[in-house]
C-alpha cells in the first residue's frame, strides 16, 4: 500500500513539473506572437460630416 501512495506522489510531482514547463513555454510563445503582430490604424475623414452638421446648425439658428 505504501508503494501505491509513493507512486501516486511521484506522479503528482511529475504532472506538476510538466504543467509548469508547459505554462512557461506557452508564455514564451505568446510573447513572441505579440511581437510579430503588427497593429493597424484606420483613419476616417470626418470633416465632411462635421461640415454638414455645422451647416445644419447655422441654418437652424438662422430660422429660429
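Each value in this text was obtained by applying a stated rule to the coordinates, not by laboratory testing. Remember, predicted model here, so these are calculated numbers, not experimental data. Note: ideal-geometry Cβ built from the backbone for every residue, glycine included; neighbour counts use all protein chains shown.
So here's what we get for this one:
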| quantity | calculated |
| --- | --- |
| Neighbours by Cβ (under 7 Å, 6+ apart or cross-chain): first from the stretch 24-39, touching a residue at least 40 places away in the same chain (Cβ under 8 Å) and on the phi < 0 side of the Ramachandran plot; second surrounded by 10 or more Cβ atoms within 10 Å (Cβ to Cβ) and part of a helix (DSSP H, G or I) | none |
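Table: residues versus (1) part of a helix (DSSP H, G or I); (2) in contact with a helix residue (DSSP H, G or I) (Cβ under 8 Å, 6 or more places away or on another chain); (3) exposed (fewer than 10 other Cβ atoms within 10 Å of the Cβ).
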position	(1), (2), (3)
14	yes, no, no
26	yes, no, no
34	yes, no, yes
39	no, no, yes
55	yes, no, no
62	yes, no, yes
